[in-house]
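Presented below is the structure to which this report refers.
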Amino acid sequence: MKLNALVMSRSHSSVRTLVAAFAELGIEYQVSPSASESMETLATGYHSALIVDFDLPHAIQVIKMARMASGKRRPVLFGMVGAGKSIGDVFQAGANFVLYKPLDLQQVLHSLRATQGFMREDRRGSSRKKSESLAYLQLSSGNTAALVQDLTEQGISIQAAEPLLPARGVPLRFLLPGTTQVVHATGDFIWVDAQGRAGLFFRDMAAACRRDLQSWLKKRGVKSSDSVYALLEPHDNRRALAAAH
């Protein structure tokens, strides 16, 4: 399979330059205009490279989310920056390389050629089996996206790009990995840590969503006896949430 890239940008001139470079190097591509769409695309498929325009909102969060993927699924990360952006912010977010705007075709070709050895081919058959899922939480600070780490009938553990503030009765929704079924629920935080990880117990869930979740867990052989332990905070970073109760 060919190498493929996901581009998060609304700049027509930047996209045109990137598309010309992709065509010359035989790289497939997909363009996403927003952070939410980009994170969903990253969670459900594999990409050899991710190119993020740092003039767009939440660019840093998208880069950080991409770095959370397992080693075999992690793309090579490029940050596109204009004259007014700090290069340090791009590297601090986790980008591997920087592209300077306005993009120059020869510069882009040079950068992509130099990094092709780090890119992995898009093996779509296996990537579907390893698909991840995003959860969206409605917090007081706004909607927050997070990768689903563990999922049980009692709750969910997640990995966000930034540390989360614990709360109770949080509305959330997530896609059951490998399906098109969306589960809506409310949950209570039971722990958080400084790396953006967290665990929530489900407080309320519609009967239809509960049946979908139970069926999904049954197909994957998840034992109910292990369901609570999967949600507990890692022992290396335990922190009580007395303030949340």
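The values are calculated or read from the model by the stated rules, or taken from the named source; none is laboratory data. These numbers were taken from a predicted model, which means no experiment stands behind them. Note that we place each Cβ from the backbone using ideal geometry, even for glycine, and neighbour counts take in every protein chain shown. With ligands, DNA and RNA removed, areas are computed over all heavy atoms of the protein, side chains included. Shrake-Rupley method; radii C 1.70, N 1.55, O 1.52, S 1.80 Å.
Any chance you could run the full-extension gain for residue 220 through residue 195? It's 0.36 nm times the residue separation minus the Cα-Cα distance, nm to one decimal. Working shown, then result.
On the way: separation 25, 0.36 × 25 = 9.00 nm, distance 2.82 nm.
Taking residue 220 through residue 195 to full extension adds about 6.2 nm, to one decimal.
Once the Cβ-Cβ distance between residue 211 and residue 150 is put in as r, and R0 is 22 Å, what FRET efficiency do you end up with, to the nearest 0.05? Provide the component values of the computation, followed by the final result.
Values: r = 20 Å, r/R0 = 0.91.
Once rounded, the FRET efficiency stands at 0.65.
Once you put a point 7 Å from the Cα of residue 203 and another 7 Å from the Cα of residue 67, both along the Cβ direction, what distance in nm separates them?
Modelled inter-label distance: 3.3 nm.
Find the accessible area per residue for region 25-177; the probe is 1.4 Å, ligands and nucleic acids are left out, and the unit is Å².
On the way: 7100 Å² over 153 residues.
Solvent-accessible surface per residue comes out at 46 Å².
When you count, for each residue, the other Cβ atoms within 10 Å and take the mean per peptide, how do 163-170, 73-80, 204-211 rank with the highest first?
Highest to lowest by the protection proxy: 73-80, 163-170, 204-211.
For the pair residue 2 and residue 114, how long in nm is the line joining their label points, each one 7 Å along Cα→Cβ?
Output for this residue pair reads 2.4 nm.
By its C-alpha gyration tensor, with a ≥ b ≥ c as the square roots of the eigenvalues, how is region 1-54 shaped: rounded for a/c under 1.5, else prolate for a/b larger than b/c, else oblate?
Numbers: a/c = 2.71, a/b = 1.12, b/c = 2.42.
Oblate.
Probe radius 1.4 Å, ligands and nucleic acids ignored: give me the carbon and sulfur share of the accessible area of region 45-185 as a rounded percent.
50 percent
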